[in-house]
Amino acid sequence: MSDLSTDLLKFRVGTLHKTQLGRAISARVLFQERYQVLKVVGRGSFGVTFLAQDASLPHHPLCVIKFLSPKVHDPALLRTAQERFQREAKILGRLGGHAQLPLLLNYFDIEGEFYLVQEYVQGVNLAEEVMVTGIKSEAAVREMLAEVLPLLEYLHQQRVIHRDIKPENMIRCWRDRRLVLIDFGSVKEAIHDLGETCITIASSTQVMGTYGFAPPNSY
């Protein structure tokens with residue numbers, strides 16, 4: 001059994017194996033007749049993230065497919081989720097023009113299953129970087145902040161708050177050494193706003209962000 005198939009069997013949030021994406025993986029066919037799913041790269045309460053190749057483009061470039069699956073049973077609330085998902089995807093599309101943010105390549109929903117396709121940023125995150133190079137000097141930290149703070153100012157000007165800025169979400173791009181901020185919570189927040197009684201997630205406690213990094217009022 002391949003690693004991808006094993007991951008599919010292990011992943012229980014939202015019964016992934018019953019989704020359109022899960023069926024495509026099990027049948028070993030292209031998802032949406034376009035994306036060749038390669039492996040799981042992340043898991044969360046609201047879904048799973050896959051590394052994939054876009055078979056419709058020359059050279060089959062790598063991309064990331066983020067699957068979001070709120071378990072909404074009320075048709076009216078599902079329509080609201082779809083509207084908010086589309087609005088947030090458009091915001092991410094606008095933000096993606098910034099060099100330090102991953103580009104939104106596609107988004108769609110299939111019977112209440114929401115998918116974002118984003119640029120794959122090849123590199124290592126800051127947590128991995130520190131493990132290899134050791135604790136950064138004050139000068140290196142200042143240099144990093146000088147690179148990151150203008151990006152945060154740009155996000156706030158666009159009325160977007162990331163809410164989960166941590167070393168694991170800052171990628172040092174191999175190609176040009178720029179820092180790229182990933183894993184936005186804005187789409188999750190939009191779906192989360194529907195209310196905990198309408199959404200089924202793995203944990204009984206809903207927390208936006210990572211403990212120790214997210215704002216105190218997120219807990």
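Which condition number in (1) surrounded by 13 or more Cβ atoms within 10 Å (Cβ to Cβ); (2) more than 17 Å from the chain's Cα centre (by Cα); (3) of a type in the set (A, V, I, L, M) is the one that Leu149 fails?
The single condition Leu149 does not satisfy is (1).
Spot the failing condition for Gln100; the list is (1) closer than 22 Å to Gln36 by Cα; (2) surrounded by 14 or more Cβ atoms within 10 Å (Cβ to Cβ); (3) not hydroxyl-bearing (Ser, Thr, Tyr), and only one is missed.
Result: Gln100 fails condition (1) only.
With Val148, Val141, Val130, Val187 as the choices, which residue is assigned to a helix (DSSP H, G or I) and at pLDDT below 60? Walk me through how you get there before you give the answer.
Details: Val148 fails: at pLDDT below 60; Val141 fails: at pLDDT below 60; Val130 fails: at pLDDT below 60.
Just one listed residue meets the conditions, Val187.
For the stretch 87-127, which positions are β-branched (Val, Ile, Thr) and in a helix (DSSP H, G or I)?
Filtering the stretch 87-127 down to residues β-branched (Val, Ile, Thr) leaves 91, 110, 117, 121, 124.
Ile91, the sole residue that qualifies.
The values are calculated or read from the model by the stated rules, or taken from the named source; none is laboratory data. Remember, it's a predicted structure, so these values are computed and weren't measured experimentally. Cβ atoms come from the backbone with ideal geometry, glycine included; neighbour counts cover every protein chain shown.
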